[in-house]
Amino acid sequence: MLGAFLTVLSKIKAVTTLILALVLGFGVVEPLQAAQLGVVATDAKIVGGEDVTDFSLRLSQGVTVEVFTLANPYRVILDMPDVSFKLPKSAGRKGEGLVKAFRYGLFAARKARVVIDTLSPVSIEQAVMDPAGGQAVKLRLRLKAIDAETFGSGTGAAMASAHRAAPSSATIRPKSSRPGYRPVIVIDPGHGGIDPGTIGPNNIYEKDVVLKVGLALRAELVGRGGFDVKMTRTDDVFVQLDKRLAFSREKDADLFISLHADAIADKRYVSKVRGATVYTLSERASDEAARQAAEKENSADAIAGLPSTADDDVGEVRDILIDLVKRETANFSADFSSILVDRLGRKIRLSSKPRRAAAFKVLRQTSTPSVLVELGYLSNREDEKSLTSPAWHKKTAQSITRAIESYFARRTALSK
Ligand SMILES: [Zn+2]
């Protein structure tokens, strides 16, 4: 018979890390390559009240699961090898007891994660894996409400500081003036894996839409030739914001295009608010809607269960040379955004104010001109139709490609 085994690895202040391992009669199963094993998660359940809530997940076989809690906001994280989730699309969207909601998906290559949002600080009272017929197991967590003081503060602070990006090196001369040089275009489909991004009323995920447009854009650019095209993700995997920035820096990108889609909750406006918007970086938002859009997109890391990083790297880069490069980069970004709005406007619906600016983390790039495109609103029926149409993806990809071509044609002309 299968037994349950539980080791408490560490209990440092608020971070409680428990390793659950399944004992198969003889011993502990080694850290598992779940992909090879084909482990499938089905049937997640939440039962309980405001003091104690149980979370359970059925797995086709036992795997090593790491469980820990995080603050700001309060979350419980379950890390495991890449389990595939076969849960109903609505799973996790409605909470119960102490659980507000939960998300799941691939967090990194061969790493799956479940993030449980809780209404208050909680402790992990119990974490066990029970046999559930054949090789299957039922992972059970018992969460108990505790006060913030018991939970402690500063959770994850040490981890957060390790993620801080170093100021990038500066190059003023546009590389595109070198003969035979192919500009490097980085396409950045937002969200992915555990972070679905915005979810439309008909369960259309932003992460899926933007990946499709990203792949269509790459195909278009490669087809036209003359560009070296890179993507921050090409499948359904989570990529944290810092990694997207580091990728752009590593590839020495000449242009960075982040792709997103939006939605609004207010039913009174869903039929009116629609269309695409192109954002550039500004630490002061152009308007309230832009500020909210940036806040939403910047929360991607927290949604995936990463500790919140201090939002302080803006003032860090003080070097005058870098300031100059940043100003030049900002000018090029603005230049591209106006070309892009013009091109998109000829083929697809634009929002009422299609050029905006706000403090998007993913646009904080020293030497790479960058824009973030909100392609439309999943909350609007017409937009939703467009956003899920392959013909629209292609049309949009073509418009962005034309804009990229005229932008570089102009830059090359200027630098001669
Ligand atoms: Zn987004």
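The values are calculated or read from the model by the stated rules, or taken from the named source; none is laboratory data. This one's a predicted model, so the numbers in the text were calculated from it and none came from an experiment. Here the Cβ positions follow ideal geometry from the backbone for every residue, glycine too, while neighbour counts run over all protein chains shown.
Scanning the stretch 374-396 for residues that are surrounded by fewer than 21 Cβ atoms within 10 Å (Cβ to Cβ) and either among the polar types (S, T, N, Q) or touching an Asp or Glu at 6+ places or on another chain (Cβ under 8 Å) (or both) turns up 388, 389, 394.
Every test in (1) closer than 22 Å to residue 377 by Cα; (2) at pLDDT 95 or above; (3) away from the ligand (no atom under 16 Å from the Cβ) is passed by residue 219 save one, and that test is (1). Six or more apart or on different chains, Cβ atoms under 6 Å: show the pairs whose first residue is in the stretch 326-354 and free of Cβ contacts under 8 Å to residues at least 60 places away in the same chain and whose second is not β-branched (Val, Ile, Thr). Hits for this filter: 329/367; 329/369; 333/369; 333/370; 337/355; 347/395; 347/399.
Just one of the listed residues (326, 361, 385) is farther than 21 Å from residue 252 by Cα and basic (Lys, Arg), and it is 385. Only one entry of 120, 177, 153, 90 meets the criterion of being surrounded by fewer than 18 Cβ atoms within 10 Å (Cβ to Cβ) and at pLDDT 90 or above, and that entry is 120.
The C-beta contact set for the stretch 210-231 (first residue under 16 Å from residue 406 (Cβ atoms), second residue of a type in the set (Gly, Ala, Ser) and away from the ligand (no atom under 16 Å from the Cβ), distance under 7 angstrom, 6+ apart or interchain) comprises 217/397; 220/397. Here residue 379 clears all of (1) closer than 19 Å to residue 286 by Cα; (2) within 16 Å of the ligand (Cβ to nearest atom) except the condition numbered (1). I'd like to know if the stretch 343-357 contains one or more residues that are within 22 Å of the chain's Cα centre (by Cα) and either more than 16 Å from the ligand (Cβ to nearest atom) or at pLDDT below 95 (or both). Within the stretch 343-357, one or more residues are within 22 Å of the chain's Cα centre (by Cα) and either more than 16 Å from the ligand (Cβ to nearest atom) or at pLDDT below 95 (or both).
Taken over the stretch 96-115, the criterion of being outside any strand (DSSP E or B), at pLDDT 90 or above and out of contact with any Leu (no Cβ under 6 Å at 6 or more places or on another chain) is satisfied by 97 alone. The selection criterion, being within 13 Å of the ligand (Cβ to nearest atom) and aliphatic (A, V, I, L, M), holds for residue 210. Considering the stretch 222-295, the qualifying strands (runs of 3 or more DSSP E), each wholly inside and each with 2 or more residues that are within 16 Å of the ligand (Cβ to nearest atom) and either in the same structural domain as residue 363 (by TED's automatic domain parsing) or farther than 24 Å from residue 385 by Cα (or both), run over 255-262, 276-281.
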